[in-house]
Every structure is written in structure tokens, then in C-alpha cells.
Amino acid sequence: MCGIFGEYNLAGADRALVERMAQRLAHRGPDGFSVHADGVFAFGAGRLAIIDLNAPPGVLFSEDRQTAVAFNGEIYNHRALRAELENAGHHFATRTDTEVIVHGYEQWGRGVLDRLRGMFAVCVWDAAQRSMLLARDRAGEKPLYYAPAEGRLCFASEIKALLADAALPRALNAQAALAYFALGYIPAPHTPFQGVHKLQPGEYLTYDGKRVVTGQYWRPSMPAPEGWSYAESVARTRAALAEAVEMRMMSDVPVGAFLSGGLDSSAVVALMRASASGPVRTFTVGFELPPGSTLDSKFNADARFAEAFARELGAEHHAITIREDDSLCRLLPHLICSMDEPIAQPSIIQTVFVAALARTQGVPVLLSGEGGDELFAGYPHFRSDQKLAAYLRLPAVVRALSTPLLERLPARFEAASRMAEKSRRIDPLSRYLAWKRMIDPADFGEALRLPDSGDLARALLERSLGPLLAAPQTPHFADRIAYAGLVSWLADDSNMRVDKLSMAMSVESRAPFEDHPLIDLALRIPLEHKLRGGTVKHVLKSAVQDIVPASVRNRPKWGFVPPASEWLRTVLRPLVERWLAPEYVAHVGVMQPEWVQQRVRGHIDRREYHLWPVWTALAFHLWHAVYIDEALRPEGTLTPEQVLSYSRQTTPASCTPGAPPAISVQTA
């Protein structure tokens, strides 16, 4: 089941409202839904059939119908839990993993959450206690929103379902918007809508019509590193990742994989082959760019590496090329609508194309490499922060003399100049934002029209990120960056993107790197093993060196990004000109039109590089036009076939083993 929704209302639950919510989440449950009403409470679930295809859609019940469950996700250890519960006397009517939660709640109460290994957003209705339980999985793979009011609470997998309630205003949460402009996403429990909250990863909520109670049933811990040898870290990593991949192959329908050609997705695909009965089905995307051009060499490198690896592995590989024309202008508002929240991620475009391709090829489940960079220090800024840490260990008097000199170095010494500038940001939040921000809160006075926006943003971010930066028991600030990224960015940016856009195409995405035993393991591995010899993800590379070729393991890190900078100047320019026009920016009233225009014009005219502030502003104003003032209404329903009509299929459906094609790569 892949979308849940419901209402608790002391005045009597509105079944018609809950059914409208179901319709707004039809893409998450294309195989049917059901609604259960019990006086003050009504809820339901849509179904994307993955396990036990003959099971009924929607809500499942205990034998006495006193416990009912609506569930989105997968429980990978459901067979073991089922055996334990049957031994305890429980009787099952289906083979679904959902029913394990039903009987598990009967047996252990809220403690069932501790026993679940998987990804989930779940609602349990306890008819005897007249109370409901909501919970989100440990890594935040599945989203779950709620809107409390006096004597009532609505919840859903996506905000658009909550907006089926006319009583919920379409009003901007201005403080949450500040977090968005700083981070490029909105950390839980905040959302961009007033009155709407989202559960944090590993969080539960109970409600009995009187009081909302929330708590953490799980939060990853980063203790002092274990005294493992490098070889032991490698062996443990391989065993844990192999187990996580094998468990996520559980399915009664075809399973495939996102394959970017990078280390993480390649490792997942290589391990899938050990559990697959035939060739692994892989999917990737490229871009329509002039052959041999700098842009082609840079942005189509992933597609070429993916094809080469798929050929070497004997995978059944599928790839498409995204056309660079006005179709992207028609598509992007649909994607903003699908996301519910503004997220400054141009990669939303590739994500939906890959999911659409898989769906049309009859593959409704895809494994991904999400989470590998956070667990194993995969981004260059982890290595750079270690260099910054070494600089900060110099005596203060030395830095006082050297920092101004380094900041004035010529452009060819940009790395040293940037390190010197970052050395002035020594408090944890400022140091984190130096690597991870979209717009510097110090610039909010010029960029935003909201009063005291810089101070308000810092206060909100201190509450959201401060505890995460303080939690790890480690001497390395790079570990703190990774931990905060794991708990916050991964859940509310990356996972949100993958879940919402995969589900928009009725595809379920699974992330083996987000298996919580693997998370626990990775957070105990010394940073020295992850950045050994200055190489990012060294321990992971060693763990898969026998199954992932050196060409993939040793390729430079390149994020999952499209040629968005050029798109803003060309195919997406009509959206930029319309929705970042001074008149509309002034109408929205959040950003300063002059500040936005300076960056738009500088970027479009190629005088300056402002991809991230311009994309951040564009995504926000498109979201505002779709959801707040409804000035922009995407036409029709976005389907996989419609998405693929904006692309070209570029590779044959099957890659057999053989010599990989030559790869020419220009790194950024």
C-alpha cells in the first residue's frame, strides 16, 4: 500500500472528505483503495500491489476488528515477524506485510515500531482506546503530514490530500520559508503551509481527540568510533550492504534499479545480481546536448558510465534522453505540484523521467543508491572540511595574519581563498551552512522582504540543526555535517524528492543504504576509514572492489544534476521571465525583486554564475503560484506516458556482456 489518509473529528469524521483525499492520492494507489469509518475516525489507504497481489486494497483489520491499519511502505522482515506472531497465537488472513503491523500492535502495542525493519508511514486505529497512532520510518523514506485543529486532526502521505479539506487555509508559513531559502528544503516538523506539520524520521504521534503527543521511537546515534581495523570496517560494510540489498529484493512484481553510473547505485545493482533470478533491469537518463560539447561531456557522463557498467554486468538496461525544448516548461510546474513543498533540486527532472521509464517497462519497484554519501563521507566537502579543521588548529595569531592574505589571493588560488573565508565561520551552524546553504542567512536582509529574516532564520535553524550538530561523539566536524545531513537533508530533501516523484509515476523506490542496521554500522566506522588517503568513501570502495570496476570506483564525484544552469538561460527561460518577474515577486512579497533580478540578469547574461539562488527562487515562486495564489494550474494529470513523450529512448532494451563503450568525461 502506498498512500494513507484520514481524519479524527470529535464532531464525527467526514467520510466524504476522506474519500476526496483518496482521490488526490490515486497515483500512490493505482490498484484500488478502501476507507473505514468508525464514528469519530475515518481513514484509508490506496494500494500499489507489491506483496500478495490478491490481498484486498486499503485498511486491514485484526480478527475482532478492534485494530485497523493503513500502511504505506514495505516491511522487509515481515516473514520473520509473522512466524513469531503465529507462534504467539495470531491468525493471518493475507500474506501482506501490512497485516504483520496489525497483529504486531495487538501483541506489542506501540513497541511494534521497534521491531519493523523497512520504510513506512503507518496509521493504527485502536478502536477500544478510541485513539490513533501515526509513525514515520527511521530514515524518513516515506513522508507523513498532519494538520491538527480543535477536536480534530487530519493526516496524509501528501499535503495535496490535506488540502481537500476546505477548512485548511492555503497560507504560507513564513518562518518555514526562511529555512527553505537557507537550506533549499524545509526540515521537519515544519512545512511551507500554516497549520500543517510533518513527522520527523523515527517519530510517532498519538491522538485521542484531546491531545497530540509526539515522541521519537528511534534516532541514529554516532558514538565514539569503534576500534576496528580498516579490514574489519570493510568486511562489516560489505556484509551489511549485501543483506540490505537482498532484503529489498522481496517482491511479487518485477524489481529494477536506478543506475546513475556512480559508486552507490552501481554497488546496489552489482549486489542485486546475486539475488536476482535473471538479468537486473536498470534505468537511467541522459540529456539532449551537442555531441562532444563540454556540456555533453559533463552532464552525460553518468549515462555513459551507467551503460558501460550495465553492459559489463549483463543487465537489461534502459535509458532515455531528455529533450531540451519547451516541453520542460510544461513539465516543471507538474513536478512542483507533485512535490507539495518547494525543494531546490533540479534533479527532480531526472527522477521523474527514470521512474516513468521503469513504470512503462512494467517495473513498479526500483532500488536506489540514496544515502551512501551521508553514511560513507561521499561529498568533497567532507574532505574539504578536514582541511579546514587542520587550518583551524593553527595558532589564532597565525590565522589572524594569514586569513586576510589568503582571501586576497588571485582566482587560481580560489580553494585557499574559500577556506580562509570559511575559517571565519567557527560556530557549528555557520560552519555547516558554509558547506550546505543555498542563500546565506547573512544576506537575507538584502534578499528577503520579511522583517528580521536573518535573525529569525538563524533561530529556526539553531532549533532544527543545532541538536543534530551537537549529537555525534566524534572529534571531527565532518562527522557532524554527515550526521545532520543524514537525519535532516536526506529525509526531507532527497527522500522527499525520490518518494514524491517515483510515486507520481506509481513506482516504489527502496534505498538499501537507509537500512537502519547499516546506518548504525556506518555511524560507528572511523572517519579515517571513510576518507582514507584523502579519498572519499574509501571503505565503501574497498567493500565492493570485487564487483564494481575501478572505472566506476575511481571516477570523480559528480552529483545527480542536470544542465540546469544552461536551462535557466534557454528552455526554462519563459518560466524565469514569468514567475521571477519583478511584478510577481513583489506580489508574493517574500523576496526582494531587485535582488532576484540582479541574479537572474547576471546569470542569463553569463556575467555571473547564480544557478542556486535563481533555481531556489524559481522553485519557490512556482510553488507559490501552484499552491498559494493558484495563479498556475498544471494542465491534466501527469502520467508516465506523458513524461516519456518529452524524451527519446536512446539505448536498446538489453545490454549483453562485452567491451564497454569508450567514455570521455570532463569533470566540473
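The values are calculated or read from the model by the stated rules, or taken from the named source; none is laboratory data. All values derive from a computational prediction rather than experimental measurement. Here the Cβ is made from the backbone with ideal geometry for all residues, glycine too, and neighbour counts use every protein chain on show. Ligands, DNA and RNA are excluded from the accessible area calculation, which covers all protein heavy atoms including side chains. Shrake-Rupley method; radii C 1.70, N 1.55, O 1.52, S 1.80 Å.
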With all protein chains modelled, accessible area of Phe560 [1.4 Å, Å²]: 80
Residue-count net charge about Tyr204 - beta-carbon cut-off 15 Å; Lys, Arg +1, Asp, Glu -1: +3
All-pairs alpha carbon distance profile, segment 305-375, 5 Å steps from 0, percent: 3, 11, 19, 22, 22, 14, 7, 2
Accessible area in the full protein assembly, largest first, 1.4 Å probe, for Met250, Met419: Met419, Met250
Extension gain from Ala396 to Arg524, taking 0.36 nm per residue of separation minus the Cα-Cα distance: 42.9 nm
Summed side-chain charge close to Gln545 - residues other than Gln545 whose Cβ falls under 10 Å, Lys, Arg +1, Asp, Glu -1: +2
Per-residue SASA entry for Phe258, accessible area with 1.4 Å probe, Å² rounded to 10: 30
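Once the piece of chain linking Arg170 and Arg130 is laid out straight, how much longer is it, given 0.36 nm per residue of separation minus the C-alpha distance between them?
Working it through step by step, the gained length comes to 11.4 nm.
Among the GluC sites (Glu not before Pro) in segment 610-650, which ones are in a DSSP loop with at most 16 other Cβ atoms within 10 Å of the Cβ? Mind listing them?
On the way: sites: Glu630, Glu635, Glu641; in loops: Glu630, Glu635.
Those satisfying the criteria are Glu630, Glu635.
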Check: segment 40-120 dipole with +1 on Lys, Arg Cβ and -1 on Asp, Glu Cβ, in debye: 160
Radius, Kirkwood style, for segment 147-261 when every pair of distinct Cα atoms is counted (Å): 18.6
Euclidean distance of C-alpha centroids, segment 303-320 and segment 553-593, integer Å: 30
Accessible area of Lys298 in the full protein assembly, 1.4 Å probe (Å², nearest 10): 50
Surface/4 estimate of mean projected area, convex hull on alpha-carbon atoms of segment 89-149, nm²: 5.2
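Suppose accessible area is computed on protein heavy atoms with a 1.4 Å probe; arrange Trp435, Trp218, Trp125 from highest to lowest.
Sorted by accessible area, descending: Trp435, Trp218, Trp125.
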For the chain, convex hull volume per residue from C-alpha positions, Å³: 153
Environment charge of Thr214, counting only residues whose C-beta is closer than 14 Å and scoring Lys/Arg +1, Asp/Glu -1: +3
Accessible surface of the chain [probe 1.4 Å, protein heavy atoms]: carbon and sulfur percent: 51
Estimated FRET transfer efficiency when R0 is 56 angstrom, pair Asn77-Gln598 (beta carbons, to 0.05): 0.55
Linear extension gain, Asp443 paired with Glu462, 0.36 nm per residue minus alpha-carbon span: 5.1 nm
Under 17 Å from the Cα of Lys298 - lysines, other chains or at least 8 residues apart: Lys557
Reference-scaled alpha-carbon Rg (2.2 N^0.38 Å with N residues) for segment 40-191: 1.15
Centre separation in Å (Cα based) which lies between segment 340-409 and segment 132-170: 30
Backbone N within segment 280-308 under 20 Å of label point (7 Å from Arg569 Cα along the Cβ vector): 287-301
Theoretical FRET efficiency, 1/(1+(r/R0)^6), r = Cβ-Cβ of Arg578 and Asp252, R0 56 Å, to 0.05: 0.75
Sequence of Tyr204, Tyr379, Tyr8 from largest to smallest accessible area, 1.4 Å probe: Tyr379, Tyr204, Tyr8
Residue-normalised accessible area of the chain, expressed per residue, 1.4 Å probe, Å²: 36
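Of all trypsin sites (Lys or Arg not before Pro) in segment 8-90, which ones are in loop regions per DSSP and have a Cβ with at most 15 other Cβ atoms within 10 Å? List each step's numbers first, then the result.
Values: sites: Arg15, Arg20, Arg24, Arg28, Arg47, Arg65, Arg79, Arg82; in loops: Arg28, Arg65.
Those satisfying the criteria are Arg65.
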DSSP-loop GluC sites (Glu not before Pro) across segment 1-76, with at most 16 other Cβ within 10 angstrom: Glu63
Listed pairs Lys436/Lys537; Lys142/Lys422; Lys160/Lys198 exceeding 25 Å between Cα atoms: Lys142/Lys422
